[in-house]
């Protein structure tokens, strides 16, 4: 949930949760979660209403906080704690390394994922990173130049800390990033166990798109975004 409350697509958090309940009914799900993007669109001020609306479902709808760039581990932890949500999803999109003058350098804009893992080490709820894998790569010099390759070391603090992985499957942006390819990459390179994809259902795409084949066999999956799905 990003701009859909600020632009009144959903008139209220109560209306959002009601419509999500209808979606769960229609698709045979006992429960689900809604994620509110806390650090954009003025949504942090809506967190109490959002959490209360989810709680009114007697556990059927779990309120979760989503954080977009920029954040540190400390600021993210403080925000989800203060908001009262019971789960955290952090965007992991900024590449860990960039090329400067023909040489790879640490990206100063990238979060320190070791610090993030430390800040959430005693977090009592589930936490996840939603990613296109850029933060978990590094440059390697090969015969024909520098190449970007997976770097499991960068993912290890989060894996060891029990973070879930939510690889993006957004056919509107990356036609080759299918459920199958993203799940294979996540388990074989960073080494995440049982990743749960987030499916980009927007831009005219629906779950019938071939990129989403196999999502129902995943341990879990998420849909982005509510304005399109509900």
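Conditions (1) over 18 Å from residue 227 (Cα atoms); (2) in contact with a strand residue (DSSP E or B) (Cβ under 9 Å, 6 or more places away or on another chain); (3) touching a residue at least 24 places away in the same chain (Cβ under 8 Å), marked per residue:
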| position | (1), (2), (3) |
| --- | --- |
| 33 | no, yes, yes |
| 91 | yes, yes, yes |
| 109 | yes, yes, yes |
| 119 | yes, no, yes |
Go through 20, 71, 9 for me and flag whichever is in contact with a helix residue (DSSP H, G or I) (Cβ under 8 Å, 6 or more places away or on another chain) and crowded, with 21+ Cβ neighbours inside 10 Å.
20
Conditions first: (1) at pLDDT 95 or above; (2) touching a strand residue (DSSP E or B) at 6+ places or on another chain (Cβ under 9 Å); (3) surrounded by 14 or more Cβ atoms within 10 Å (Cβ to Cβ). Residue 141 passes all but one, so which condition is the exception?
(3)
Go through the stretch 188-220 residue by residue and tally those that are modelled with pLDDT of 90 or more, in contact with a helix residue (DSSP H, G or I) (Cβ under 6 Å, 6 or more places away or on another chain) and surrounded by fewer than 19 Cβ atoms within 10 Å (Cβ to Cβ).
2
I'd like to verify a number: residues in the stretch 199-230 that are more than 14 Å from residue 175 (Cα to Cα) and part of a strand (DSSP E or B), how many?
3
For the stretch 1-100, please list each of the helices (runs of 4 or more DSSP H) lying entirely inside it that holds at least 1 residues being within 30 Å of residue 137 (Cα to Cα).
73-83
Tell me, please, whether a residue that is assigned to a helix (DSSP H, G or I) and either within 19 Å of the chain's Cα centre (by Cα) or buried (at least 17 other Cβ atoms within 10 Å of the Cβ) (or both) can be found in the stretch 165-179.
yes
Test: residue in the stretch 48-65 that is within 15 Å of residue 130 (Cα to Cα) and either surrounded by 19 or more Cβ atoms within 10 Å (Cβ to Cβ) or in contact with a strand residue (DSSP E or B) (Cβ under 8 Å, 6 or more places away or on another chain) (or both)
yes
So residue 135 fits all but one of (1) at pLDDT 95 or above; (2) over 15 Å from the mean Cα position of the chain (by Cα); what number is the exception?
(2)
Residue 27 passes all but one of (1) without any contact (Cβ under 8 Å) to a residue 24 or more places away in the chain; (2) farther than 15 Å from residue 226 by Cβ; which number fails?
(2)
Tell me, please, whether a residue that is within 25 Å of residue 223 (Cα to Cα), part of a strand (DSSP E or B), modelled with pLDDT of 95 or more and under 17 Å from the mean Cα position of the chain (by Cα) can be found in the stretch 102-119.
no
Look through the stretch 180-192, keep the residues that are out of contact with any strand residue (DSSP E or B) (no Cβ under 6 Å at 6 or more places or on another chain), in contact (Cβ under 8 Å) with a residue 12 or more places away in the chain and not in a loop (DSSP other than H, G, I, E, B), and return whichever of them is nearest to residue 137 (Cα to Cα).
185
Looking only at the stretch 144-164, which residues are surrounded by fewer than 19 Cβ atoms within 10 Å (Cβ to Cβ) and in a strand (DSSP E or B)?
145, 146, 147, 148, 149, 150
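The values are calculated or read from the model by the stated rules, or taken from the named source; none is laboratory data. A quick note: this is a predicted structure, and the numbers were derived from the prediction, not measured. Neighbour counts are summed over all protein chains in view; Cβ atoms, including those assigned to glycine, are modelled from backbone coordinates with ideal geometry.
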